[in-house]
Every structure is written in structure tokens, then in C-alpha cells.
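One structure is given here, and the rest of the page talks about it.
The values are calculated or read from the model by the stated rules, or taken from the named source; none is laboratory data. Predicted, not measured: the structure shown is a model, and the values here were computed from it. Note: ideal-geometry Cβ built from the backbone for every residue, glycine included; neighbour counts use all protein chains shown.
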Amino acid sequence: MHVHRLERIFLGLGVITLAAFFLILIALQVGESFKPPASSVTIDPTKVASTPPFDHPGLRRLPDGSYEAYYVGQVFFWQPSTLSVPLGAKVHFYVTSTDVVHGFLIEHTDVNLEVMPGWVSTATHVFRHPGDHLIVCDQYCGAGHADMFAHIVVK
């Protein structure tokens, strides 16, 4: 089979570009030593159930009137499964995982976190609309992934 000279050149350039891309990715990962950013909070994923405040996940009111919500992701559920939050509440989310990478997405908000074992992911959101806000895992985590959801009820 005859392949035109220009096709071989373009195919070669594509292969070289792809190889360069993967080499750069590998070099960046090795250079960073797979460490979380210095500002990240870490936690031992094997001891989440015994490490405060993740040993009792849920909602806590702060003196300034805002709230802290602690969530733990585990194949295939979020703990807690339901939280009630007052309308207009500013909520600081702290989310971790005990097993695999999960996604923490609160629909119709700007909260979308990648949740990795050993790291505490954070976000803040003010709930200005009443109703039931669905939390879903948006990172495929296994066969029960579609059943991994929770709710935030804003009243």
C-alpha cells in the first residue's frame, strides 16, 4: 500500500506531538513528586472515621453565623446523606474520601470538587435559593457510582 509523502509527514508530526505531550506530563508529575499543594490539608485515609471532625460528619454553626459542613465520601455513598441549611447561609465545605477518587458536585451551584483519599477538599457557597440541592459524585468510582448521591435541603 502506498502512503503519500505528505500524509506520512503529518502522521509523523502527530505522533511526535503526542509523545512530547506524554513526556511533559510525566516530567511534571515526577518533578512535583505527586505531592499536594503546600496549602492543602491532608488526612490519613485509613483513619478518617477516628479523626475529628470527620469522625462525626455533618453541619456545624460558627460564631459568625456561617456554617461548616464535613462530608466523607466512600464507595458508594456520602456521609451525611442529608443536611438542612437555612436560606442565605454561607457554608464552608470540607470533603474527603476514605477509598478512591470521588467528585463532589452540588447541582446548580459553583461547588465542584475532586475528592481524593488523603486530602481535604474545600469550597464555600452561599445558598440563596430554597429547595433540595442534589449532591452527586461526578467522578466514576465503580459499579455503584450512579447511586452515590446526597441532599442539601435549604429552608
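Within the range 76-130, the residues that satisfy the criterion of being in contact (Cβ under 8 Å) with a residue 24 or more places away in the chain and charged (D, E, K, R) are Lys90, Asp99, Glu107, Glu114, Arg128.
Just name the residue that is surrounded by the most Cβ atoms within 10 Å (Cβ to Cβ) out of those in the range 130-155 that are small (Gly, Ala, Ser) and on the phi < 0 side of the Ramachandran plot. Per the stated criteria, the residue is Ala150. Just one residue in the set Ala27, Ala19 is over 27 Å from Ala150 (Cα atoms), modelled with pLDDT of 95 or more, of a type in the set (A, V, I, L, M) and in a helix (DSSP H, G or I); that residue is Ala19.
For the range 36-122, give me every one of the strands (runs of 3 or more DSSP E) that falls completely inside it and has 2 or more residues that are in the same structural domain as Cys137 (by TED's automatic domain parsing) and of a type in the set (A, V, I, L, M). Don't jump to the end; show me each part of the working.
Working: elements: 58-61, 67-74, 77-79, 82-85, 90-97, 102-106, 112-115.
Where strands (runs of 3 or more DSSP E) fall fully within the range 36-122 and carry at least 2 residues being in the same structural domain as Cys137 (by TED's automatic domain parsing) and of a type in the set (A, V, I, L, M), they are 67-74, 82-85, 90-97, 102-106, 112-115.
Against the conditions (1) modelled with pLDDT under 95; (2) under 29 Å from His133 (Cα atoms), Ala69 satisfies every one except (1).
Restricting attention to the range 132-155, the residues that are of a type in the set (Gly, Ala, Ser) and at pLDDT 95 or above total 1. Within the range 100-129, the only residue that satisfies the criterion of being touching a helix residue (DSSP H, G or I) at 6+ places or on another chain (Cβ under 7 Å) and at negative phi is Pro117.
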